[in-house]
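Worksheet: one structure, shown below.
A short reminder: the numbers here are calculations on the coordinates, not readings from a lab. None of the values given here were measured: they were computed from a predicted structure. Cβ placement follows ideal geometry from the backbone for every residue including glycine, while neighbour counts extend to all protein chains displayed.
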Amino acid sequence: MSNTEAEKDILIILGTAGARVMVAHQILASGGLWLDLSGTQILFDPGPGCLVQATKRKLNPTKLQAIILSHRHLDHSADINVMIEAMTDGGLHRRGTVFLPSDALDDDPVVLRYLQGYPERIEILREGGRYSVGDISFTTPLRHQHAVETYGVVFETPKHSISCIVDSRYFDGLCAAYKADLLIINVVRLEPGGPYDHLSALDAGRIIRELRPKAAIITHFGMTMWRAKPWEVAKNLSQETGVNVVAARDGMRFDLAQLSQY
């Protein structure tokens, strides 16, 4: 890898489906987020189909240095075992770190016990935690309001910061934890309300206005968002907030060098 390639910060969105119906019917792909940050490769939330989507995008799991799981729900974790197998060549080569909440390793673990010795190490995510992968650091600033133990992530590279606000009900204090150059938000619902611990498009607009990132990406769409056409929602959010908001697409690549244009 050349120095120029190593310095790039690139995101590959393996899937944009959120909520059970979208995932179960694969109306959109579900696979998580692959980050290549200054040459350090990290997989975030390997949901159903992650390995297939990664292979389709010509991404090599043996190059992964870490897998991060925000929470144990299947749309985020279903492929974590196969991705650990792939990262470690079926356990022949111990490599990489797996980061995950404590309840993902409790009595009903989402990482199978026979696989727990395959990575070099497993680290437990906690509220206010700070972690490192190679030259990349990330934090889990606060626990989200969701049905299981859930953490968003803020990545720091030598050039950029990226915050990922994952599944949660909106609550006071959520915004303050995620200041970054690029903001990625899971927007499952079009409208707020109901007994759902998920963010809506209205919540996303509120967060974007408060944080004022250089750019924002919305993803993890439920059926109401899909019917509303996420690209139209993103266009409206851009107009309302004055921030460039992009609706993620399956397989979309985003080079953070683009942030200098905004």
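Brief remarks on what is shown
- Stokes-Einstein D for the stretch 32-107, Kirkwood Rh over Cα pairs, 37 °C, 0.692 mPa s (µm²/s): 266
- Global geometry of the stretch 118-262, whether rounded, prolate or oblate, following the gyration tensor of its Cα atoms and the 1.5 cut on a/c: oblate
- Across Lys56/Lys229; Lys56/Lys179; Lys159/Lys229, pairs whose alpha-carbon gap is larger than 30 Å: Lys56/Lys179; Lys159/Lys229
- Per-residue ellipticity at 222 nm computed for the chain from its helices equals -5500 deg cm²/dmol, with DSSP H segments shorter than 4 residues left out and the rest contributing -39,500 (n - 2.57).
- Inter-part distance where the stretch 201-262 and the stretch 134-187 are each reduced to a Cα centre, Å: 15
- Estimated FRET transfer efficiency when R0 is 22 angstrom, pair Thr55-Arg249 (beta carbons, to 0.05): 0.75
- Pairs of Cα atoms in the stretch 94-141 fall into 10 Å distance bins, from 0 up to the last occupied one, in shares of 23, 52, 24, 1 percent.
- Taken as Cα centroids, the stretch 90-131 and the stretch 1-70 sit 18 Å apart, rounded to the nearest whole angstrom.
- Put a plus charge on the Cβ of each Lys and Arg, a minus charge on the Cβ of each Asp and Glu, and nothing anywhere else: the dipole of the stretch 1-62 about its Cα centre is then about 320 debye.
- Applying the Kirkwood pairwise sum to the alpha-carbon positions of the stretch 7-249 produces a hydrodynamic radius of 17.8 angstrom.
- Estimated dipole of the stretch 2-104 in Debye, rounded to 20 [Cβ of Lys and Arg +1, of Asp and Glu -1, Cα centre]: 180
- DSSP beta bridges in the chain [antiparallel fraction, %, rounded to 5]: 50
- Projecting the Cα atoms of His93, Gly128, Trp226 onto the charge dipole of the chain, computed from C-beta unit charges around the Cα centre, puts Trp226 farthest toward the positive end.
- Burial ordering of Trp226, Trp231, fewest other beta-carbon atoms within 10 Å first: Trp231, Trp226
- Fully extending the segment from Arg94 to Ala147 would add 15.8 nm, taking 0.36 nm per residue of separation and subtracting the current Cα-Cα distance.
- Net charge, Val188 excluded, C-beta distance under 14 Å - Lys, Arg +1, Asp, Glu -1: -2
- Across the stretch 1-115, C-alpha contacts under 8 Å between residues 6 or more apart give a mean separation that, scaled by the residue count, equals a relative contact order of 20 percent.
- Exposed loop sites were defined as GluC sites (Glu not before Pro) in DSSP loop states (anything but H, G, I, E or B) carrying at most 16 other C-beta atoms within 10 Å; in the chain the longest segment without such a site runs 128-262.
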